[in-house]
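Structure first, then comments.
The values are calculated or read from the model by the stated rules, or taken from the named source; none is laboratory data. Small disclaimer: the values here were computed from a predicted structure and weren't measured. Reconstructed Cβ throughout: ideal geometry from the backbone, glycine too, with neighbour counts over all protein chains shown.
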Amino acid sequence: MKLFVGKTYSSFLLIQFLKVFFVTIIFIMGLSFIVRTLQGLEVTREFSFVQIVILRVLEAPEIVSRECMLASCMFAAVYTMSNLTKNREILALRSCGVSIYRIITPLLCCGLLISIGHLFFENYVVIPSFDRKGGFENRLRGEEPKGYYMDRNNIIVFGENGLIYKIDSYLAQPMLMRGVMIIKKGDTGAIVYRIDAQEGRWDGARWVFTNGIKRTFTPDGEIISRRIFKILPTTIRDEPRYFGRDTRTVENMTIQESYRYVQMMKKMGFDYKRHLTRFHRKIANSVTLFLVIVIGLSLGSMSFKNALVISFSMTLGIVLVFFFIIEIGTTLGSSGRILPFIGGWIGNITFAILSVFLLRRLRV
């Protein structure tokens, strides 16, 4: 049994879908550019017209990925299928004994490729674009490049291998601790050693402390040794990101960075459920594109008099419902009322059920 109807028809169907898909992206991008420019007039008034245009261009990957893709996929699927149904083209194929599922298979495959491509586009194009935009704005204002991490004061951090840090201040840019006390606990909970130092500096692989005292203890808490040092190289390898405050949200990190960030929050004993929920939502966003294409094709198989109006109405309705569902899932997952995985994927789970239901009732 052939998976596709035929090369000619499959090419025709894909061309019709992609034309609507790209035109919708361009239309939404244009609206977004206008709105962003008007909203940023107060902030960007010291920039020239060319500089503002460059800023908008640097924002283009984010706009395409996070503002255009969902609505474009939905609208293109509904509109393409509605036109084919209205023009009796699908009916002609059905009368020849061609299954409706074979008819829409090219678009399903296209949707799957869009979903996978979106995941890579978000990770390797959108996230780096934030750095490029931020760096360009800093150069325009004559400011130094800013890192992701902020300085912190009076912090307590639970590191790996039973280490507990109490730090008066941490400077993110030079990766420097000041007023450091470190306690190392053994498997039984007894203190193994304690380091009090004026400073601690990251040398690229480990922490080196200066001007302090290191005390070593027996399991009963008695001091075995007391060493005063000017420089104390150690084997402590807790990364500097443990101590700085990341100014980015999980959504604005790569998948690898966001996963490490969630694991770090969990190890440090912080409330990580909100970040884990958003991590799952970050991945689920790409799968959503495939699901809305399936839903759009199913709804578009119904006969409408005005395909453009109905397609727009359905797109708006589905997108609003989807955002409402994921907002509920994010809230419940972040609060711990449901598992973070469920909270992040609840929109996709709901849409997957709807997709299966519509496919089973597909009609032309």
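Quick one: is I346 surrounded by 17 or more Cβ atoms within 10 Å (Cβ to Cβ), in contact with a Gly (Cβ under 8 Å, 6 or more places away or on another chain), at pLDDT 80 or above and of a type in the set (A, V, I, L, M, F, W, C)? First the steps, then the outcome.
Values: surrounded by 17 or more Cβ atoms within 10 Å (Cβ to Cβ): yes; in contact with a Gly (Cβ under 8 Å, 6 or more places away or on another chain): yes; at pLDDT 80 or above: yes; of a type in the set (A, V, I, L, M, F, W, C): yes.
Against the criterion (surrounded by 17 or more Cβ atoms within 10 Å (Cβ to Cβ), in contact with a Gly (Cβ under 8 Å, 6 or more places away or on another chain), at pLDDT 80 or above and of a type in the set (A, V, I, L, M, F, W, C)), I346 qualifies.
Can you tell me how many residues within the range 334-353 are in contact (Cβ under 8 Å) with a residue 60 or more places away in the chain, over 10 Å from H280 (Cα atoms) and either part of a helix (DSSP H, G or I) or touching a Ser or Thr at 6+ places or on another chain (Cβ under 6 Å) (or both)?
Residues meeting the conditions: 6.
Show the residue pairs meeting these rules: Cβ distance below 6 Å; 6+ apart or different chains; first residue within the range 232-256 and more than 30 Å from G212 (Cα to Cα); second residue of a type in the set (F, W, Y) and at pLDDT 90 or above.
Every condition considered, the pairs that remain are V250/F279.
Could you check the range 243-256 and list, in sequence order, the residues that are assigned to a loop (DSSP other than H, G, I, E, B), buried (at least 17 other Cβ atoms within 10 Å of the Cβ) and at pLDDT below 85?
Initially, the range 243-256 is screened for residues assigned to a loop (DSSP other than H, G, I, E, B), giving 243-244, 247-249, 253-254.
This time we only want the ones that are buried (at least 17 other Cβ atoms within 10 Å of the Cβ), so: 243-244, 253.
Across the range 243-256, the qualifying residues are F243, G244.
List the number of the failed condition for L119; all other conditions in (1) surrounded by 15 or more Cβ atoms within 10 Å (Cβ to Cβ); (2) modelled with pLDDT of 80 or more; (3) not charged (D, E, K, R); (4) not in a helix (DSSP H, G or I) hold.
L119 satisfies all of (1) surrounded by 15 or more Cβ atoms within 10 Å (Cβ to Cβ); (2) modelled with pLDDT of 80 or more; (3) not charged (D, E, K, R); (4) not in a helix (DSSP H, G or I) except (4).
Consider the range 200-236. How many of its residues are of a type in the set (S, T, N, Q) and under 18 Å from I167 (Cα atoms)? Reasoning before the result, please.
Keep residues of the range 200-236 that are of a type in the set (S, T, N, Q), which gives 210-211, 216, 218, 225, 234-235.
Next, only the ones that are under 18 Å from I167 (Cα atoms) stay: 210-211, 234.
Of the residues in that region, 3 qualify.
State whether one or more residues within the range 270-277 are in a helix (DSSP H, G or I), among the basic types (K, R) and modelled with pLDDT under 85. Outline the logic, then answer.
So the first thing to find is which residues in the range 270-277 are in a helix (DSSP H, G or I), and the list is 273-277.
Keeping just the survivors that are among the basic types (K, R) gives 273-274.
Then keep just the ones that are modelled with pLDDT under 85; that gives none.
Looking through the range 270-277, none of the residues is in a helix (DSSP H, G or I), among the basic types (K, R) and modelled with pLDDT under 85.
Matching residues to (1) under 25 Å from R248 (Cβ atoms); (2) without any contact (Cβ under 8 Å) to a residue 24 or more places away in the chain:
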position	(1), (2)
E137	yes, no
G142	yes, yes
M150	yes, no
I155	yes, no
N161	no, yes
I164	no, yes
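Tally the residues that are crowded, with 17+ Cβ neighbours inside 10 Å and over 21 Å from V78 (Cα atoms), restricting the search to the range 318-338.
First, pick out the residues of the range 318-338 that are crowded, with 17+ Cβ neighbours inside 10 Å: 318, 322, 326, 329-330, 332-334, 338.
Adding the requirement that they be over 21 Å from V78 (Cα atoms) leaves 326, 329-330, 332-334, 338.
Summing the residues that are crowded, with 17+ Cβ neighbours inside 10 Å and over 21 Å from V78 (Cα atoms) in the range 318-338 gives 7.
Given the conditions (1) modelled with pLDDT of 90 or more; (2) over 25 Å from the mean Cα position of the chain (by Cα), which single one is not true for Y124?
(2)
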